[in-house]
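Read the structure below first, then the notes.
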Amino acid sequence: MVPVKGCRSCGSSQSERVVWTPSAQFLHGLATSAGYRLAMTAAFEAARVVKRYGSLHALDGVSLSVRRGELFGLLGPNGAGKTTLVKIGCGLARPTSGSVTVNGSSPRSIAARRSIGYLAELFRFPGWLRADEVLSLHQRLAGSNGGVAERGRLLELVGLSDAATRRVERMSKGMQQRLGIAQALVGDPALLILDEPTSALDPAGRHTVRGVLEHMRSRGVTVLLNSHLLSEVELVCDRVAILLDGSVVAEGSPDDLIGRPGVEIDTDDGVKHYAGVGRAETPAIVSSLVAEGRSIYAVRQARRSLEQVYLEAVQGRMG
């Protein structure tokens, strides 16, 4: 009910009231607009973030944006500022200047904290608790009502279904690491922040975690992954950022950073390298070498790894 005073266009008096009912089209447009704005909001965004500890610059103007549903990797040597940025994103530290938002909200807000699942690099669960009890504890802390079904689903997801009643102190380091990932998933967080989640895992364990990350991405969960295992990052991440001395020195998809693959051709005159050459150009190169009288023994694609890109970025910056 909206009062209208002296409305000449509708001929109402001061005492009359006009009832306005929004149309379905109007409500749809409003909902669509709100949903569009939400979808366009970054899951994690850092803008010119500086963090100082006395004279030490842990972060020096870091800016990056992680899109919703993206699997984003943070790379860099020890002391580059990765964990500091993650802690600010979780609301565990405050920036000296600049800002970080999580799904459009301050990391220290209740809304942001409820949307985050976090696994710290160094964590320890009470040794006397069983795996199921660890998850039950974190369900209470997170306010999750998933109960037994959620705990069973998460233990199965990380390959610990048979260890639900095993005490933490009787688990290997790799099993504890996978249990840590399960607790980070309690409550179905929209943003999963993992700090070195595969550091203690064997190849089979890393394969399991890779499957978990791909499963999360398929469900639209955003993952911010801080890792030293560049081969794993290259396999699963949509985009990566390389940090050094508190600054972003490279950012992009693994393929963009690695660049076009080249070709190596074994000939009777040695191995010849052709950088940036794709599949389509290779036959012409081989034909040209044969026309020159060269014997061809093998042709293979030469692709740089993300580790090579990382080392070039870091060593180039360090001089």
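Side notes on the structure shown:
- All conditions but one from (1) exposed (fewer than 12 other Cβ atoms within 10 Å of the Cβ); (2) at pLDDT 80 or above; (3) under 24 Å from V309 (Cα atoms) apply to S288; the one that does not is (3).
- Residues in the range 243-260 that are out of contact with any Leu (no Cβ under 9 Å at 6 or more places or on another chain) and surrounded by 16 or more Cβ atoms within 10 Å (Cβ to Cβ): 2 in all.
- Residue among G152, G180 that is within 25 Å of V102 (Cα to Cα) and open to solvent by less than 40 Å² (accessible area, probe 1.4 Å): G180
- Any hit, the range 195-208, residues being on the phi < 0 side of the Ramachandran plot, assigned to a strand (DSSP E or B) and surrounded by 15 or more Cβ atoms within 10 Å (Cβ to Cβ): yes
- Among the residues examined, R124 qualifies as at negative phi, open to solvent by 50 Å² or more (accessible area, probe 1.4 Å) and assigned to a loop (DSSP other than H, G, I, E, B).
- For the condition open to solvent by 30 Å² or more (accessible area, probe 1.4 Å), touching a helix residue (DSSP H, G or I) at 6+ places or on another chain (Cβ under 6 Å) and modelled with pLDDT of 90 or more, G187 qualifies.
- Remark: pairs (first residue in the range 300-314, free of Cβ contacts under 8 Å to residues at least 40 places away in the same chain; second residue open to solvent by 40 Å² or more (accessible area, probe 1.4 Å); Cβ separation under 6 Å; 6+ apart in sequence or on different chains) = R300/E264.
- Within the range 127-143, if we keep just the residues that are farther than 19 Å from C90 by Cα and assigned to a loop (DSSP other than H, G, I, E, B), the residue that is most open to solvent (accessible area, probe 1.4 Å) turns out to be W128.
The values are calculated or read from the model by the stated rules, or taken from the named source; none is laboratory data. Given the structure is predicted, the values throughout are model-derived calculations rather than measurements. Reconstructed Cβ throughout: ideal geometry from the backbone, glycine too, with neighbour counts over all protein chains shown. Just so you know, the surface numbers come from the protein's heavy atoms only, side chains and all, with ligands and any DNA or RNA stripped out. Shrake-Rupley method; radii C 1.70, N 1.55, O 1.52, S 1.80 Å.
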